[in-house]
Amino acid sequence: MEVPQEKNRWDHPLIVIRENQEISFEDILSSLITTRQLPDPVATKGQKVQVHDYVYQVDRVTQNTIEFILNAQELYPEGSEVPIPDSTLLYPYSHKLTS
């Protein structure tokens, strides 16, 4: 059996009760209520996603979508639903758009 250690997160709060020792429920309750919050382990912390070119990526996807819709007007008849690439959305082509 592994000996509990208070520094380990899973052994905190550690209350040691020895044989023939009176159990102090007030101490147990106090240690549970007033215990300090341990910091989260580094291994489970979420990593911040840093996208330096977020605006560029959004602009590029928007331009590609607009270009696709303008080109699709030549291929699809009015009133049809045009599937947008890399998306589950359908563009309802009801009237001709111009750039």
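If I go through region 26-59 residue by residue, how many of them are more than 25 Å from Asn8 (Cβ to Cβ), aliphatic (A, V, I, L, M) and open to solvent by 100 Å² or more (accessible area, probe 1.4 Å)?
Here the count works out to 2.
Does Arg18 satisfy the condition of being at pLDDT below 75, open to solvent by 100 Å² or more (accessible area, probe 1.4 Å) and out of contact with any Cys (no Cβ under 8 Å at 6 or more places or on another chain)?
no
Within region 60-69, how many residues turn out to be open to solvent by less than 100 Å² (accessible area, probe 1.4 Å) and either of a type outside the set (Val, Ile, Thr) or in contact with a strand residue (DSSP E or B) (Cβ under 8 Å, 6 or more places away or on another chain) (or both)?
Residues flagged as open to solvent by less than 100 Å² (accessible area, probe 1.4 Å) and either of a type outside the set (Val, Ile, Thr) or in contact with a strand residue (DSSP E or B) (Cβ under 8 Å, 6 or more places away or on another chain) (or both) within region 60-69 amount to 4.
What number of residues within region 70-99 are open to solvent by less than 100 Å² (accessible area, probe 1.4 Å) and touching a strand residue (DSSP E or B) at 6+ places or on another chain (Cβ under 6 Å)?
As a first pass, look at region 70-99 and keep what is open to solvent by less than 100 Å² (accessible area, probe 1.4 Å): 70-73, 76-77, 79-80, 82-85, 87, 90-94, 97.
Next, from what is left, pick out any that are touching a strand residue (DSSP E or B) at 6+ places or on another chain (Cβ under 6 Å): 72, 76, 82-84, 90-93.
Qualifying residue count for the region: 9.
Which one of the conditions (1) among the aliphatic types (A, V, I, L, M); (2) assigned to a loop (DSSP other than H, G, I, E, B); (3) open to solvent by less than 80 Å² (accessible area, probe 1.4 Å) does Ile23 fail to meet, given that it meets all the rest?
Every condition holds for Ile23 apart from (3).
Here's the yes/no breakdown for (1) within 30 Å of Asp86 (Cβ to Cβ); (2) free of Cβ contacts under 8 Å to residues at least 12 places away in the same chain:
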{"position": "Arg18", "(1), (2)": "no, yes"}
{"position": "Glu22", "(1), (2)": "no, yes"}
{"position": "Glu26", "(1), (2)": "no, yes"}
{"position": "Ser30", "(1), (2)": "no, yes"}
{"position": "Thr34", "(1), (2)": "no, yes"}
{"position": "Pro41", "(1), (2)": "no, no"}
{"position": "Gly46", "(1), (2)": "yes, yes"}
{"position": "Val49", "(1), (2)": "yes, yes"}
{"position": "Val55", "(1), (2)": "yes, yes"}
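The values are calculated or read from the model by the stated rules, or taken from the named source; none is laboratory data. The shown structure was predicted, so the numbers you read here are calculated from the model rather than taken from an experiment. A quick note on method: Cβ atoms are made from the backbone with ideal geometry, for glycine too, and the neighbour counts reach across all protein chains shown. Accessible surface areas use protein heavy atoms only, side chains included; no ligands, DNA or RNA. Shrake-Rupley method; radii C 1.70, N 1.55, O 1.52, S 1.80 Å.
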